[in-house]
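Written below as structure tokens is the structure these notes are about.
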């Protein structure tokens, strides 16, 4: 039995994932110069997949590039982040409006279970687990909305907000999120669309305002 060789696309994806994670968790803070040779050496890769990863991260808004001048980690509060926050907020409001009329008891139970996991992760100081549980909770209204374009757009722009989430969930402000999640779930269970939309709007607005 033999294992297949790691292909170039997989190396490219691995470089992207590792550099992106280092930017999101603050290992590579805003303004850090990104040199493809240095990164390639640290990752044990050639320059080609690293260059491709930096191109993708530039498209994501996590890296700033100016040809023949610099490549660096973008500012946390860049215009791209502000724009992404607005798009993400509006799309989650759309999803919650739909979920308020379609959520079943099992959907509500799944959201409560995700919020429980979120709270336990916060208590344990496990930010990655908290982000995962937060995603699972918010993915339920998105799924119930049944709109592929909404889901795809959120997949595109939510990663740009990860550094804000990482900072928030690393602080005492994370407990505000637990309480807001509970209010959101209660509103959806009661089919109170107005309250549910107001809460979800606050969740995403305060991702910036509560800093």
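No lab work stands behind these numbers, since they all come straight from the coordinates. Quick caveat, the model's predicted, so the values are computed rather than measured. Cβ atoms come from the backbone with ideal geometry, glycine included; neighbour counts cover every protein chain shown.
At a glance:
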{"item": "Among 78, 171, 69: highest mean-square fluctuation, GNM of the chain, C-alpha pairs under 10 Å", "result": "69"}
{"item": "Residue order, fewest to most surrounding Cβ atoms within 10 angstrom, among 62, 207", "result": "207, 62"}
{"item": "Alpha-carbon centroid distance for the pair the range 4-65 / the range 73-92, whole angstrom", "result": "21 Å"}
{"item": "Helical contribution to [θ] at 222 nm, DSSP H n ≥ 4, -39,500 (n - 2.57), averaged over the chain, rounded to 500", "result": "-24000 deg cm²/dmol"}
{"item": "Exposure proxy order (Cβ contacts within 10 Å, fewest to most) of 181, 21", "result": "21, 181"}
{"item": "Cα-based Kirkwood hydrodynamic radius, the chain, one decimal, Å", "result": "18.5 Å"}
{"item": "Highest-MSF residue in the chain out of 148, 103, 121 [GNM, Cα springs under 10 Å]", "result": "148"}
{"item": "Residues in the range 28-57 that a label on residue 70 would reach, taking backbone N under 15 Å of a point 7 Å out along Cα→Cβ", "result": "29-35"}
{"item": "On Cα atoms only, tilt of 8-24 relative to the major axis of the chain in degrees", "result": "60 degrees"}
{"item": "Efficiency of FRET between residue 190 and residue 113 - r from beta-carbon atoms, R0 22 angstrom, step 0.05", "result": "0.75"}
{"item": "Tilt relative to the chain, helix 193-209 - C-alpha long axis, 0 to 90 degrees, to 10", "result": "30 degrees"}
{"item": "Fluctuation leader among 80, 17, 139 - the chain, Gaussian network, Cα springs under 10 angstrom", "result": "17"}
{"item": "Degrees separating the helix 174-189 axis from the principal Cα axis of the chain, which is the longest one", "result": "50 degrees"}
{"item": "Mean separation of Cα contacts under 8 Å, 6 or more apart, over the residue count of the range 79-209: relative contact order %", "result": "41 percent"}
{"item": "Orientation-averaged projected area, Cα convex hull of the range 8-73 (nm²)", "result": "4.0 nm²"}
